[in-house]
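Here the structure comes first, spelled out in structure tokens, and everything after it is commentary.
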Amino acid sequence: MITLQNVNKVFQIPDGEPLNAVSSASLQIDEGDIYGIIGFSGAGKSTLMRTINLLERPDSGKIIVNGQDMLALNEKELRKARMSIGMIFQHFNLLNNRTVFENVSFPLEIAGVPKSERKQRIEECLRIVGLEDKTKAYPAKLSGGQKQRVAIARALANKPKVLLCDEPTSSVDPSTTGSILAFLKEINERLGITIVIVTHEMNVIKSICNKVAVMEQGVVVEKFEMNDSKFVPKSNIAQFLFKNEIVLDKREVAYV
């Protein structure tokens with residue numbers, strides 16, 4: 001589904017040394033995975049994930065998504081490929097001057113979907129996230145959890161095969177985190193969407209991810225499967241994950 005081979009990304013810092021944000025990173029993410037990329041702030045995890053849909057274009061390496069060589073696509077082909085890759089941001093990135101309905105409509109408008117078809121798809125997506133009663137509400141009137149659910153509905157609008165989540169629980173109340181994670185797990189199982197999650201939170205990885213990559217200073221230092229009983233973790237992060245049991249019951253989804 002997603003293959004990253006020897007991906008490198010260097011940022012040129014004004015009046016400073018170049019920053020090696022990602023160095024020779026390789027990942028294999030299979031269809032149906034919930035793949036977690038974990039690391040401390042500045043580890044390069046968000047930069048690496050953003051190379052998947054070329055929001056960050058790598059300096060070198062190879063990126064294959066759903067059989068397509070992303071770096072070989074022209075602008076028109078890239079726009080079309082991105083329609084199958086939804087994205088959820090840490091700070092929601094909702095349009096404050098648009099209603100919930102209009103926010104979910106936005107990617108469909110960009111894709112040129114006819115208005116009559118948009119309405120049906122928007123209603124379907126809002127029904128999926130349990131917000132069909134908030135169609136006329138503006139983001140300012142929503143809780144953090146509701147805003148993230150609108151962002152999820154918007155990301156689902158174009159029926160993506162891949163969902164990229166950049167710190168999806170960092171801007172919600174801790175009491176909301178469990179329901180957002182359980183909801184993402186439900187989307188993965190119900191719709192068959194492959195999910196990639198960037199996070200620095202242990203509970204996110206433990207709750208829903210089946211595969212994990214640990215990043216430190218731009219390098220993928222360790223990769224493993226959460227259910228691999230024979231795996232011997234080397235990094236401090238991996239050791240912590242394997243010493244603690246998963247605590248979230250995916251069946252308990254409380255909408256907030």
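The values are calculated or read from the model by the stated rules, or taken from the named source; none is laboratory data. Since the structure is predicted, the reported quantities are computational estimates derived from the model, not experimental observations. Cβ coordinates were reconstructed from backbone atoms using ideal geometry, including for glycine residues, and neighbour counts include every protein chain displayed. What goes into the accessible areas is simple: the full protein's heavy atoms, side chains included, and nothing from ligands, DNA or RNA. Shrake-Rupley method; radii C 1.70, N 1.55, O 1.52, S 1.80 Å.
Brief remarks on what is shown
- For the range 172-192, the set of residues classified as of a type in the set (D, E, K, R) and not in a helix (DSSP H, G or I) consists of D173 only.
- The listed residue being touching a Ser or Thr at 6+ places or on another chain (Cβ under 8 Å) and of a type in the set (D, E), out of E75, E31, E17: E31
- Extreme residue, surrounded by the fewest Cβ atoms within 10 Å (Cβ to Cβ), among residues of the range 72-99 that are within 17 Å of M1 (Cβ to Cβ) and in contact with a strand residue (DSSP E or B) (Cβ under 7 Å, 6 or more places away or on another chain): S84
- Any hit, the range 133-144, residues being out of contact with any Cys (no Cβ under 9 Å at 6 or more places or on another chain), within 30 Å of I37 (Cα to Cα) and part of a helix (DSSP H, G or I): yes
- If the condition is being more than 21 Å from V100 (Cβ to Cβ) and modelled with pLDDT of 95 or more, then the range 162-187 contributes V162, L164.
- Residue in the range 125-134 that is exposed (fewer than 15 other Cβ atoms within 10 Å of the Cβ) and farther than 23 Å from R190 by Cβ present: no
- Taking first residues from the range 72-85 that are closer than 10 Å to N158 by Cβ and partners that are open to solvent by 80 Å² or more (accessible area, probe 1.4 Å) and of a type outside the set (V, I, T), the Cβ contacts under 9 Å between residues at least 6 apart in sequence or on separate chains come to M83/K159; S84/K159; S84/K161; I85/K161.
- Qualifying positions in the range 229-256 - at pLDDT below 50 and either closer than 30 Å to V150 by Cα or not in a loop (DSSP other than H, G, I, E, B) (or both): I246, V247, L248, D249, K250, R251, E252, V253, A254, Y255, V256
- Taken over the range 175-193, the criterion of being closer than 17 Å to E31 by Cβ and open to solvent by 30 Å² or more (accessible area, probe 1.4 Å) is satisfied by K185, E189, R190, L191, G192.
For (1) touching a Leu at 6+ places or on another chain (Cβ under 8 Å); (2) not β-branched (V, I, T), each residue gets a yes or a no:
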site: G86; (1), (2): yes, yes
site: S105; (1), (2): no, yes
site: I110; (1), (2): no, no
site: P114; (1), (2): no, yes
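- Filtering S41, S116 for residues that are within 18 Å of T199 (Cα to Cα) and out of contact with any strand residue (DSSP E or B) (no Cβ under 9 Å at 6 or more places or on another chain) leaves a single hit, S41.
- Consider the range 100-124 and keep the residues that are aliphatic (A, V, I, L, M) and open to solvent by less than 60 Å² (accessible area, probe 1.4 Å). The one that is nearest to N158 (Cα to Cα) is L108.
- Residue tally, condition in a loop (DSSP other than H, G, I, E, B) and either modelled with pLDDT of 95 or more or closer than 19 Å to M215 by Cα (or both), over the range 56-73: 5
- Among the residues making up the range 96-131, those that are part of a loop (DSSP other than H, G, I, E, B), farther than 19 Å from L164 by Cα and not small (G, A, S) are N96, N97, R98, T99, V113, P114, L131.
- Within the range 194-215, residues that are open to solvent by 20 Å² or more (accessible area, probe 1.4 Å) have Cβ atoms under 6 Å from residues that are in a strand (DSSP E or B) and at pLDDT 90 or above in these pairs: N210/I34; K211/Y35; K211/E225, counting only partners at least 6 apart in sequence or on another chain.
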